[in-house]
Amino acid sequence: MKILKFGGTSVGSAERMKAVASLILNGEPKIVVLSAMSGTTNALVQIAETLYQNKHDEAKALIQALHDKYKQVVEELYTSDEKKKQANELLKQHFEYLNAFTLDLFTIHEERAVLAQGELLSTALFQFYLEEQGEKSVLLPALNFMKVDENEEPDSAYIAQQLQKELEKHPGVELFITQGYICRNAFGEIDNLKRGGSDYSASLIGAAVDAQEIQIWTDIDGMHNNDPRIVKNTHPIAELSFDEAAELAYFGAKILHPSSVKPAKQKNIPVKLLNTMQPEAKGTTISTKTESGKIKAVAAKDGIIAIKIKSGRMLLAYGFLRSVFEVFERYKTPIDMITTSEVAVSLTIDNAKHLNEILAELKEFGQVEVDQDQTIVCVVGDFIAERSGSGLAVFQSLQNIPLRMISYGGSKNNISVLVNTSDKIEALTKLNDGIFNGNEAHA
Ligand code: ADP
Ligand code: ASP
Ligand code: MG
């Protein structure tokens, strides 16, 4: 069994959906995971924001505009009047459901139900298209098997068990379609795996069925060595290890959801990043294979908050760091980077939800300073500690940029620096010039 995930752009129009169908119809058993059509989740986010503000007329207008867009897709996607009618009926149900939220109280629960509509629509429309083409396939409802627990972590045992049950309902079927991104939470409510979560769905599904391969089909020919939205002359990387890919995804390479490598790594399932617009391109293969001593790529993660705790009295005392970390643990706030000195400890977080409570507790340990608008720039590759000069090129490239924190040696795959977000573009560009000459770069 292979898992093939297609992102928003890949299913972004009737024409793109037809191209996806021709890519998947090769008789191999597979589960196809679809995102919402591009622009839909953003539109749903906007609708939800408007509903939170009780701007009901505005919300209705946004819902109508989205409905009109989908009506156009239906016109272009199907040839028979019967399928067009069936698809328009489906749209009517989903858009009536959305409109009903303009009548009632709007909370986070309703918001999640709104956000789920994009994937429910794209998969149903795609399934209708396959039916019209006379192809045998089954639409698997992700809400019947995809689940997160009370800590918003996927419940892998439940997912594997329920997915197996769903698959067993359809003996002899080789082609399954399902929704990315959406899931149920610990209370059984509709929830989601956060923005970009369809990659995570694909990886979790792959792990659940012990897939032979997970393919992430998107709008670019694989993981590039730097952020192509910011830096010119980036190039695709043919091979990445699971750890390298996980670091890049976590530290901002948008092509992969931050958590999406882990389930594949745990089951040792190769992940391929492929381009729907250029299916013959080699893309990136993520596997256990490592390339010794090579710098692979640079990524950047914005929205970072740096917190420094100065405490001459206690810093080196036994148990001090534990007390600091416990504060973050109490507020379920992960720490990304950490550096220490004789008199202070600096760390970074990207989740500001409980920042005020965290700062109030930290002030009991000493003087606390906070810097907002920070960016982690992460250089990923195989940095061998035993070899002198490892990372020299990284720091030479960044010599004119103020570095707020440096992290090296945490793993052999990562050198991270913290810079002001206003210096990010320069940092990424300088690193590109300094460490990637052509396609080869060595630590
Ligand atoms: P999808 O909708 O298919 O999930 P995304 O927009 O989430 O696609 O991810 C693909 C995009 O990620 C690319 O179009 C590219 O602009 C962006 N991106 C950011 N960093 C990288 C990188 N290092 N390599 C490749 N793409 C990247
Ligand atoms: N549709 C969701 C989003 O836009 C999930 C995804 O595309 O992966 O974030
Ligand atoms: Mg994505």
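The values are calculated or read from the model by the stated rules, or taken from the named source; none is laboratory data. Because the structure is a prediction, the values reported are computed rather than measured. Note that each Cβ is placed from the backbone with ideal geometry, even for glycine, and that neighbours are counted across all protein chains shown. SASA here: full protein model, heavy atoms, side chains in, ligands and nucleic acids out. Shrake-Rupley method; radii C 1.70, N 1.55, O 1.52, S 1.80 Å.
With every protein chain kept in place and ligands, DNA and RNA left out, what is the accessible area per residue of region 1-150? Probe 1.4 Å, answer in Å².
Details: 6540 Å² over 150 residues.
Result: 44 Å² per residue.
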Rounded accessible area of S38 (nearest 10 Å², 1.4 Å probe): 50
Measuring from label point to label point, each 7 Å out along Cα→Cβ, what is the R229 to T340 span in nm? 3.6
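From largest accessible area down, sort H257, H170, H109; use a 1.4 Å probe on the protein chains.
Details: H257 15, H170 55, H109 95 Å².
Most to least solvent-accessible, the answer reads H109, H170, H257.
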Karplus ³J(HN,Hα) for region 404-409 (6.51 cos²θ - 1.76 cosθ + 1.60, θ = phi - 60°; Hz, whole; x = Gly/Pro) runs 7, 8, 10, 10, 9, x
Output the pairs from K294/K430; K289/K424; K194/K353 with a Cα-Cα distance over 20 Å in this structure; if there are none, say none. K289/K424
At 1.4 Å probe size, with every protein chain present, just tell me what the per residue accessible area of region 295-437 comes to in Å². 49
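On average, how much area does the Cα convex hull of region 295-437 cover when viewed from any direction, in nm²? Walk me through the numbers on the way to the answer.
Details: hull surface 36.2 nm².
For region 295-437, averaging the hull's shadow over all directions gives 9.0 nm².
Please find the FRET efficiency linking D104 to A186, where r is the Cβ-Cβ separation and R0 is fixed at 30 Å, and quote it to the nearest 0.05. Let's see the in-between values first.
Details: r = 24 Å, r/R0 = 0.80.
Calculated transfer efficiency: 0.80.
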Residues with amide H under 5 Å from that of I295, placed H, sequence gap 5 or more: D382, A441, H442, A443
Quick one: plug the Kirkwood hydrodynamic radius of region 211-365 (C-alpha pairs) into Stokes-Einstein at 4 °C, 1.567 mPa s, and report D in µm²/s. 73
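What shape does region 135-174 take by its C-alpha gyration tensor, where a ≥ b ≥ c are the square roots of the eigenvalues and a/c under 1.5 counts as rounded, a/b above b/c as prolate, and the rest as oblate? If you can, show how the numbers build up before the last one.
Details: a/c = 4.13, a/b = 2.41, b/c = 1.72.
It comes out prolate by the Cα gyration axes.
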H224, H56, ranked by accessible area, largest first (probe 1.4 Å): H56, H224
Where nothing but the Cβ of Lys and Arg (+1) and of Asp and Glu (-1) is charged, how large is the charge dipole of region 295-437 around its Cα centre, in debye to the nearest 20? 200
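In whole percent, and with a 1.4 Å probe on the protein chains, what portion of the accessible area of the chain is carbon and sulfur?
The computed percentage sits at 49.
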At 7 Å along the Cα-to-beta-carbon direction for both E280 and S22, put a label point, then send me their distance in nm to one decimal. 1.3
Per 5 Å bin from zero, what fraction in whole % of the C-alpha pairs of region 363-424 is there, up to the bin with the longest pair? 4, 15, 25, 20, 15, 10, 7, 4, 0
Diffing region 364-371: the Karplus 3J(HN,Hα) column from phi (6.51, -1.76, 1.60, θ = phi - 60°), in whole Hz with x for Gly and Pro, holds 5, 8, x, 7, 10, 10, 10, 10
Where in region 281-307 is the amide nitrogen less than 15 Å from a point lying 7 Å along the Cα-to-Cβ axis of Q396? 295
Stokes-Einstein, Kirkwood over Cα pairs, the chain, 10 °C, 1.306 mPa s; D in µm²/s equals 67
Can you pull the one-decimal nm distance between simple spin-label points at Q133 and K289, each 7 Å off the Cα toward Cβ? 3.0
If you average the sequence gap of Cα pairs under 8 Å that are 6 or more apart and divide by the length of the chain, what percent do you get for the contact order? 13
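Quick one: work out Rg over Rh on the C-alpha atoms of region 2-219, Rh as Kirkwood radius. Display every interim value, and only then the final one.
Details: Rg = 16.9 Å, Rh = 17.6 Å.
On the Cα set of region 2-219, Rg over Rh gives 0.96.
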